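**Student:** Please read through the structure below; I'll follow up with questions.
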Amino acid sequence: MQRYFIPSEQFGEDTVTITGDDARHIGKVMRSKPKDQIIVSDGAGKEAVAELVSIEPQEVQAAIVEFLALSGEPWLEVTIAQSLPKGDKMETVIQKCTEIGASAFVPFLSARTIVQYDERKEEKRAARWRKIAKEAAEQAHRSKIPVMNSPVNWGRLLATAPNYDLVCLCYEKENGEQLRDVLAPFVAGLDRKQKYRMMVVVGPEGGFTEEEVREAEAAGARSVGLGRRILRTETAGMAALTCILYETGEMGGL
């Protein structure tokens with residue numbers, strides 16, 4: 001069943017209204033007809049099965065059939081902090097990590113970030129990222145759209161470390177800890193009836209400097225490796241997130 005995220009104000013007591021691109025998608029792409037059913041969500045805790053009543057190019061009306069219990073969200077909220085990579089790699093990170101189960105994204109600038117940050121283009125790029133996250137969340141039957149934060153510098157990123165129960169910096173070093181070394185005792189001590197927050201920090205194409213690693217560890221982050229193979233910047237976050245959600249039972253783990 002096709003899923004759509006809509007603003008909470010478009011939820012009525014018994015009906016929902018779908019507008020814009022989603023309305024066109026229902027009518028022209030999916031070629032839906034009245035009485036077909038869809039799932040609608042406000043991305044913040046309200047989700048329902050709705051039956052299409054009327055379909056116009058710019059507006060679709062649907063009647064709520066039943067409200068659903070939320071089931072598509074991991075109980076461990078994982079934020080992916082990604083140093084801005086070249087080209088469209090950030091779009092790939094957002095799309096795939098949203099599908100896997102990331103709760104939020106924080107783009108950041110570090111010493112070896114190659115991308116030239118242009119604040120004038122930021123809103124256009126941010127809108128593109130939000131659209132990718134929304135579509136990926138719909139495709140993956142998520143109940144929430146991940147939070148897309150504005151880019152920050154390295155110092156501001158580290159200042160947020162106390163907001164998380166665990167921060168892992170993806171960094172390979174000789175005889176260093178591996179992700180599972182850190183995850184196993186952390187997960188074992190969690191109460192699954194509560195919410196916890198974790199942040200995975202991924203460096204740019206050139207990696208982190210040793211000074212940045214020292215600063216991150218001083219801020220409370222744990223430096224972890226992701227195995228014996230060196231991963232690309234756009235791959236590391238996906239691999240780490242998959243391992244984390246597996247270990248917490250979200251992918252058939254514990």
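**Student:** With respect to Gln116, is the statement that it is at pLDDT below 95, on the phi < 0 side of the Ramachandran plot and more than 24 Å from the chain's Cα centre (by Cα) true? Please lay out each step first, then the result.
**Tutor:** Details: at pLDDT below 95: yes; on the phi < 0 side of the Ramachandran plot: yes; more than 24 Å from the chain's Cα centre (by Cα): no.
So Gln116 fails the test.
**Student:** Quick check: anything in segment 144-158 in the same structural domain as Gly87 (by TED's automatic domain parsing), touching a residue at least 60 places away in the same chain (Cβ under 8 Å) and loosely packed, with under 14 Cβ neighbours inside 10 Å?
**Tutor:** There is no residue in segment 144-158 that is in the same structural domain as Gly87 (by TED's automatic domain parsing), touching a residue at least 60 places away in the same chain (Cβ under 8 Å) and loosely packed, with under 14 Cβ neighbours inside 10 Å.
**Student:** Among the listed residues Ala102, Ala140, Ala62, identify the single one that is at pLDDT 95 or above, more than 30 Å from Glu211 (Cβ to Cβ) and either touching a helix residue (DSSP H, G or I) at 6+ places or on another chain (Cβ under 7 Å) or in the same structural domain as Lys28 (by TED's automatic domain parsing) (or both). Full working, then the answer.
**Tutor:** Working: Ala102 fails: more than 30 Å from Glu211 (Cβ to Cβ); Ala140 fails: at pLDDT 95 or above.
Only one candidate passes the filter, namely Ala62.
**Student:** Checking Ala81 against (1) in the same structural domain as Thr242 (by TED's automatic domain parsing); (2) loosely packed, with under 15 Cβ neighbours inside 10 Å, which test does it fail?
**Tutor:** Unmet for Ala81, out of (1) in the same structural domain as Thr242 (by TED's automatic domain parsing); (2) loosely packed, with under 15 Cβ neighbours inside 10 Å: (2).
**Student:** Quick one: count up the residues across segment 195-254 that are part of a strand (DSSP E or B), out of contact with any Leu (no Cβ under 6 Å at 6 or more places or on another chain) and of a type outside the set (D, E, K, R).
**Tutor:** So the answer is 4.
**Student:** Something else: Given the conditions (1) part of a strand (DSSP E or B); (2) without any contact (Cβ under 8 Å) to a residue 24 or more places away in the chain; (3) not aromatic (Phe, Trp, Tyr), which single one is not true for Lys124?
**Tutor:** The number of the failed condition is (1).
**Student:** I would also like to ask the following. Criterion first (among the acidic types (Asp, Glu) and surrounded by fewer than 18 Cβ atoms within 10 Å (Cβ to Cβ)) does Asp42 satisfy it?
**Tutor:** Details: among the acidic types (Asp, Glu): yes; surrounded by fewer than 18 Cβ atoms within 10 Å (Cβ to Cβ): no.
Taking the combined requirement at face value, the residue does not satisfy it.
**Student:** Do we find that Lys28 is assigned by TED's automatic domain parsing to the domain that holds Ile145 and out of contact with any strand residue (DSSP E or B) (no Cβ under 7 Å at 6 or more places or on another chain) in this structure?
**Tutor:** So Lys28 does not fit the description; no.
**Student:** To continue, here is another question. Where in segment 1-87 are there strands (runs of 3 or more DSSP E), lying fully within it, with 1 or more residues that are within 30 Å of Val115 (Cα to Cα)?
**Tutor:** Working: elements: 3-5, 15-19, 37-41, 47-55, 59-67, 76-83.
Hits in segment 1-87: 76-83.
**Student:** In addition: Residue check: is Ala216 in the same structural domain as Val187 (by TED's automatic domain parsing), closer than 21 Å to Val147 by Cα and in contact (Cβ under 8 Å) with a residue 40 or more places away in the chain?
**Tutor:** On the way: in the same structural domain as Val187 (by TED's automatic domain parsing): yes; closer than 21 Å to Val147 by Cα: no; in contact (Cβ under 8 Å) with a residue 40 or more places away in the chain: yes.
Against the criterion (in the same structural domain as Val187 (by TED's automatic domain parsing), closer than 21 Å to Val147 by Cα and in contact (Cβ under 8 Å) with a residue 40 or more places away in the chain), Ala216 does not qualify.
**Student:** In a loop (DSSP other than H, G, I, E, B), in contact (Cβ under 8 Å) with a residue 40 or more places away in the chain and out of contact with any Cys (no Cβ under 8 Å at 6 or more places or on another chain): is that true of Ala137 in this structure? It would help to see each step written out before you state the result.
**Tutor:** Values: in a loop (DSSP other than H, G, I, E, B): no; in contact (Cβ under 8 Å) with a residue 40 or more places away in the chain: yes; out of contact with any Cys (no Cβ under 8 Å at 6 or more places or on another chain): yes.
When the stated conditions are applied, Ala137 does not pass them.
The values are calculated or read from the model by the stated rules, or taken from the named source; none is laboratory data. These figures come from a predicted structure and were not determined experimentally. Don't worry about glycine lacking a Cβ; one is built from the backbone with ideal geometry, like all the others, and counts go over all protein chains shown.
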